[in-house]
Structures are given as C-alpha cells and as structure tokens.
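Asks: First the structure, which I've put down as structure tokens, then a few questions once you've had a look.
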Amino acid sequence: MTEVMERSVKDRASEVRDWVLNARDSYGRLTHFIDGYARALRDAGVPLDRLTLHLRQLNPQLRARTFQWNRDAGGAVETGRQYGIEVTDIYLRSTVRPIFEGGPQLERRLDQPLEEDDFPILEELREQGFTHYIILPISLWVLGPAALSIATRKPEGFSKEDLAVVERANSAFGAAVELQETRQLARTLLDTYVGHNAGERILSGAIRRGDSEQIHAVIFYCDLRGFTPLSESKDQSHVMEGLDRYFEAVSGPVQEHGGEILKFIGDGMLAIFPCPASHVKNCTAALSALSAARKAQEAMAKLRESQPEFDLHCGIALHVGDVMFGNVGAANRLDFTVIGPAVNLVTRIEPHSKASPCQIVVSSEFAEREGGRFESLGHFELKGIAAEKEILYPLD
C-alpha cells in the first residue's frame with residue numbers, strides 16, 4: 001500500500017472513529033448506534049449495503065442478540081435468540097459459529113462459484129445481489145468475541161482500502177459496544193437478582209451500607225406448603241423444577257400488577273407495592289396486590305391441575321405500612337431489601353392462611369386500605385408483635 005493510500009485509509013478511518021466517539025446520543029440504543037455506524041462507514045467511502053452484529057448475552061431469557069442493518073431498510077433491527085439456538089441448524093451452519101468459537105475472519109466473493117457445502121447464508125445473499133461478504137471477530141472482554149459481518153452489492157466488491165478502513169474503525173466500534181453492553185449487562189443482572197427499582201437505585205449510587213429511605217408500601221409475602229416432604233422424597237432435579245414452577249406461578253401476577261419482587265427466601269417470596277400514605281381507602285397498591293394474590297392462587301391451581309405430581313400449595317399474606325428500603329448487611333456484602341415491623345408482621349400472619357378458604361390472609365390495616373369485603377379469622381397473638389392482631393381473608 002502506497003503512502004498516499006495509507007494516508008487516505010487513516011483519514012477515512014479517523015472520520016468513522018470520530019463519529020463513534022461523538023455518538024453518545026445513540027449510546028444505550030444499540031439499534032440506533034449500529035445504524036449510525038453503518039452510515040458513518042458509507043460516508044467514509046465504504047460501499048456498505050448490509051451489516052450485522054451478533055452478540056452473546058449473559059441474560060436468563062436470551063442466549064444472543066442479532067442486529068441487522070440494510071441500506072434500503074432505513075435502520076437496524078434487533079432479533080433475540082433464545083436458549084437452544086446453539087443446537088439448531090440455523091446456528092450450526094451459520095458463519096457466526098466459527099467466530100464465536102474463536103476462529104478468524106471469513107471472506108467470500110459471492111459473484112464467484114461457491115462450494116456446494118458452504119454456509120447457506122452465502123447463497124441467500126448471492127441471490128439478493130450481494131457480491132462480497134466478510135464476517136470478522138470483534139473482541140469483547142466481558143461477553144467474548146462478537147461477530148460483525150459486512151456485505152456489498154458493488155460489482156468490484158470491497159477494496160483493500162475499504163477493508164483497512166473497517167479494520168481500523170472496528171477497534172473504536174468494539175470499545176463502544178462493550179461500554180453499552182456492559183451497562184446493559186449490569187442492568188440485566190440487577191433487575192434479575194434485586195428487582196428493577198432496587199437495581200435503578202443501586203446504579204444511581206445507593207451502594208453503601210445504610211443507604212436507605214422510608215417508604216410506604218403494601219408487603220406481599222407467600223410461602224410454599226409441603227415443600228419439606230417434597231424435598232425429602234424426590235430427586236433434587238425434580239425438587240428444583242417444582243420450586244421454579246411455583247415461583248413462576250406466583251411471581252408473574254405480582255410483576256404484571258406492578259409489584260416488585262425483592263427476594264426469594266428458601267421457598268418464600270417477598271415483594272412490595274409502593275403506595276402513597278395519603279391513599280387511606282381504595283388504595284391502588286392494595287387493590288393491585290390483592291388482585292395479584294388472587295391471580296397467583298389461580299396460577300397455582302392450574303399448576304396442580306396440569307402437573308399433579310407436584311401438588312404444590314402456598315399461603316399468601318398482605319399487609320401495609322412503613323418500611324426502610326435500602327442496603328443492609330456487612331460492609332462488603334450487602335442486600336437491597338425492606339426491613340421493619342411491617343415486614344415482620346406479614347411473615348407472622350402468613351401461617352394463618354391455612355384457615356382461609358382462598359389461602360390468602362390480610363391484616364386489618366390492609367383491609368381498611370383496600371376497602372373491599374373481608375371476613376375475620378379472629379384476633380391472634382403473634383411472635384414478636386406486642387398486641388394481638390386481627391387477621392382477615394377476602395370474600396370477593
């Protein structure tokens with residue numbers, strides 16, 4: 001490559017890298033960022049007509065994500081890849097697999113005969129009029145190699161200078177993608193393990209022991225019945241499957257009704273529905289929490305009907321009060337949760353759900369706040385609670 005060509009490549013690549021460094025408005029929305037990157041490459045003279053980015057994920061729902069940009073489509077689109085994709089022909093016969101397994105870049109001229117057993121995507125692109133295809137690794141420290149493909153319909157294909165521009169620009173592109181994916185990974189893991197609201201607070205800086213605030217909330221607590229005999233009589237994989245199905249049945253309605261799951265405690269689950277203290281009757285949080293409890297019991301009934309081998313039952317308790325929401329624990333090992341007398345009370349009244357026809361019980365404070373129809377089970381002494389408490393169950 002001559003000195004003139006080298007200077008041209010440097011200048012063109014610098015234009016693209018400058019765009020990457022100044023494209024912060026697109027950070028956080030990877031489809032917009034990839035659309036902008038593809039256009040920046042074209043503005044730098046690379047005859048790009050198609051670009052894809054394939055990223056592994058550390059996500060309980062997705063194994064990978066694919067972003068595809070087409071010049072004629074007006075933007076990039078995202079496709080989630082579910083777990084199990086790695087054993088399908090779509091992946092096993094894809095050009096992505098060799099890159100994910102640590103292989104070098106792959107290049108094909110599509111205006112020339114292809115091998116009969118070559119990758120199926122190449123023939124598809126050839127039929128669409130593409131002439132030159134390259135897929136190469138993008139090094140990511142956290143998620144491992146990503147795969148970036150580029151293709152053109154230009155009759156001559158990509159020149160050596162075009163490919164040099166892409167190679168030089170990709171270092172900045174990979175760093176920007178890593179930055180965005182790392183932040184997204186942090187959000188995903190926090191949402192998964194501590195809940196969305198708690199995760200947002202942690203990302204906003206609430207990371208020290210004692211960082212907390214008082215909130216008024218409905219506390220939702222449920223506990224599985226008969227789990228000890230199940231765990232002692234079945235193999236562990238069966239036990240874990242039953243536990244997962246139970247948590248799925250009760251957590252779905254909570255999240256659908258606006259609650260936030262704070263933690264799973266053995267075979268129990270603790271969640272909150274924040275509410276304004278001014279809602280003294282027909283409180284929206286209380287209405288939502290009771291609806292979620294009913295839906296959860298309906299889901300448990302359907303689970304018992306469809307999979308009678310588990311025969312799982314749970315009790316649900318609801319209370320409303322002030323709690324401290326924040327960090328508690330050791331200096332270097334914290335839990336983001338709620339604590340306070342209201343939490344203690346809801347766990348104490350849950351065992352009385354066995355006497356409730358619907359297996360749901362509430363405190364008198366909750367019943368007053370919710371404003372519906374309830375039947376009293378009586379007044380009870382509760383461990384750690386000074387005065388007797390009335391426990392009720394919903395009628396409607």
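The values are calculated or read from the model by the stated rules, or taken from the named source; none is laboratory data. Predicted model only: the values in this text are computed from it and were never measured. A quick note on method: Cβ atoms are made from the backbone with ideal geometry, for glycine too, and the neighbour counts reach across all protein chains shown. Heavy atoms of the whole protein, side chains included, go into the accessibility calculation; ligands, DNA and RNA do not. Shrake-Rupley method; radii C 1.70, N 1.55, O 1.52, S 1.80 Å.
Asks: On the basis of being surrounded by fewer than 18 Cβ atoms within 10 Å (Cβ to Cβ), over 23 Å from ALA13 (Cα atoms), under 23 Å from the mean Cα position of the chain (by Cα) and not charged (D, E, K, R), does THR182 make the cut?
Replies: Numbers: surrounded by fewer than 18 Cβ atoms within 10 Å (Cβ to Cβ): yes; over 23 Å from ALA13 (Cα atoms): yes; under 23 Å from the mean Cα position of the chain (by Cα): yes; not charged (D, E, K, R): yes.
Against the criterion (surrounded by fewer than 18 Cβ atoms within 10 Å (Cβ to Cβ), over 23 Å from ALA13 (Cα atoms), under 23 Å from the mean Cα position of the chain (by Cα) and not charged (D, E, K, R)), THR182 qualifies.
Asks: Ok, one more. Report whether or not GLU388 is of a type in the set (D, E, K, R), under 29 Å from GLN214 (Cα atoms) and exposed (fewer than 13 other Cβ atoms within 10 Å of the Cβ).
Replies: Numbers: of a type in the set (D, E, K, R): yes; under 29 Å from GLN214 (Cα atoms): yes; exposed (fewer than 13 other Cβ atoms within 10 Å of the Cβ): yes.
Criteria met by GLU388.
Asks: Which residue pairs have Cβ atoms under 6 Å apart, sit 6 or more places apart or on different chains, and have a first residue in region 126-144 that is free of Cβ contacts under 8 Å to residues at least 40 places away in the same chain and within 13 Å of LEU110 (Cα to Cα) and a second that is of a type outside the set (A, V, I, L, M) and not in a loop (DSSP other than H, G, I, E, B)?
Replies: Correct list of pairs: HIS132/ARG109; HIS132/THR152; TYR133/ARG108; ILE134/GLU107.
Asks: Within region 323-336, is even one residue in contact with a helix residue (DSSP H, G or I) (Cβ under 6 Å, 6 or more places away or on another chain) and crowded, with 17+ Cβ neighbours inside 10 Å? It would help to see each step written out before you state the result.
Replies: First, pick out the residues of region 323-336 that are in contact with a helix residue (DSSP H, G or I) (Cβ under 6 Å, 6 or more places away or on another chain): 323, 336.
Those left that are additionally crowded, with 17+ Cβ neighbours inside 10 Å: 323, 336.
So far as region 323-336 goes, yes, one or more of its residues are in contact with a helix residue (DSSP H, G or I) (Cβ under 6 Å, 6 or more places away or on another chain) and crowded, with 17+ Cβ neighbours inside 10 Å.
Asks: Among strands (runs of 3 or more DSSP E) lying entirely in region 308-396, which contain 2 or more residues that are of a type outside the set (Val, Ile, Thr) and over 18 Å from PRO274 (Cβ atoms)? It would help to see each step written out before you state the result.
Replies: Working: elements: 313-330, 333-339, 360-363, 374-380, 389-394.
In region 308-396, 313-330, 333-339, 374-380, 389-394 are the strands (runs of 3 or more DSSP E) which contain 2 or more residues that are of a type outside the set (Val, Ile, Thr) and over 18 Å from PRO274 (Cβ atoms).
Asks: Look through region 131-153, keep the residues that are more than 21 Å from LEU55 (Cβ to Cβ) and in contact with a Lys or Arg (Cβ under 8 Å, 6 or more places away or on another chain), and return whichever of them is surrounded by the most Cβ atoms within 10 Å (Cβ to Cβ).
Replies: Checking each candidate, the answer is HIS132.
Asks: Let me spell it out: the conditions are (1) touching a helix residue (DSSP H, G or I) at 6+ places or on another chain (Cβ under 9 Å); (2) at pLDDT 85 or above; (3) open to solvent by 60 Å² or more (accessible area, probe 1.4 Å), and GLN128 meets all of them except one. Which number is the exception?
Replies: (1)
Asks: Could I ask something else about it? Conditions: (1) farther than 20 Å from LEU392 by Cα; (2) out of contact with any strand residue (DSSP E or B) (no Cβ under 9 Å at 6 or more places or on another chain). ILE265 meets all but one. Number of the miss?
Replies: Among (1) farther than 20 Å from LEU392 by Cα; (2) out of contact with any strand residue (DSSP E or B) (no Cβ under 9 Å at 6 or more places or on another chain), ILE265 violates only (2).
Asks: Between HIS352, HIS379, HIS313, which is open to solvent by 20 Å² or more (accessible area, probe 1.4 Å) and under 32 Å from the mean Cα position of the chain (by Cα)? Steps first, please.
Replies: Numbers: HIS352 fails: under 32 Å from the mean Cα position of the chain (by Cα); HIS379 fails: under 32 Å from the mean Cα position of the chain (by Cα).
Exactly one residue qualifies, and that residue is HIS313.
Asks: Of all residues in region 37-56, which are assigned to a helix (DSSP H, G or I) and surrounded by fewer than 20 Cβ atoms within 10 Å (Cβ to Cβ)?
Replies: Within region 37-56, the subset assigned to a helix (DSSP H, G or I) is 37-43.
The answer is ARG39, ARG42, ASP43.
Asks: For region 92-106, check the following and say yes or no: at least one residue is part of a loop (DSSP other than H, G, I, E, B), at pLDDT 95 or above and either more than 26 Å from the chain's Cα centre (by Cα) or surrounded by fewer than 21 Cβ atoms within 10 Å (Cβ to Cβ) (or both). Walk me through how you get there before you give the answer.
Replies: Initial filter on region 92-106 (part of a loop (DSSP other than H, G, I, E, B)): 93-95, 101-105.
Okay, now just the ones that are also at pLDDT 95 or above, so none.
The answer is no, given that none of the residues of region 92-106 is part of a loop (DSSP other than H, G, I, E, B), at pLDDT 95 or above and either more than 26 Å from the chain's Cα centre (by Cα) or surrounded by fewer than 21 Cβ atoms within 10 Å (Cβ to Cβ) (or both).
Asks: Here is a further query. If you check GLY252 against the conditions, is it modelled with pLDDT of 85 or more and within 19 Å of the chain's Cα centre (by Cα)?
Replies: Values: modelled with pLDDT of 85 or more: yes; within 19 Å of the chain's Cα centre (by Cα): yes.
It is true that GLY252 is modelled with pLDDT of 85 or more and within 19 Å of the chain's Cα centre (by Cα).
Asks: Turning to a different aspect of this structure: Taking into account only those residues within region 57-75 that are buried (at least 20 other Cβ atoms within 10 Å of the Cβ) and either farther than 28 Å from THR192 by Cβ or of a type outside the set (Phe, Trp, Tyr) (or both), which is modelled with the highest pLDDT?
Replies: Residues of region 57-75 buried (at least 20 other Cβ atoms within 10 Å of the Cβ): 64, 67, 69.
Keeping just the survivors that are either farther than 28 Å from THR192 by Cβ or of a type outside the set (Phe, Trp, Tyr) (or both) gives 64, 69.
Values: ALA64: 87, TRP69: 95.
Top of the filtered list is TRP69.
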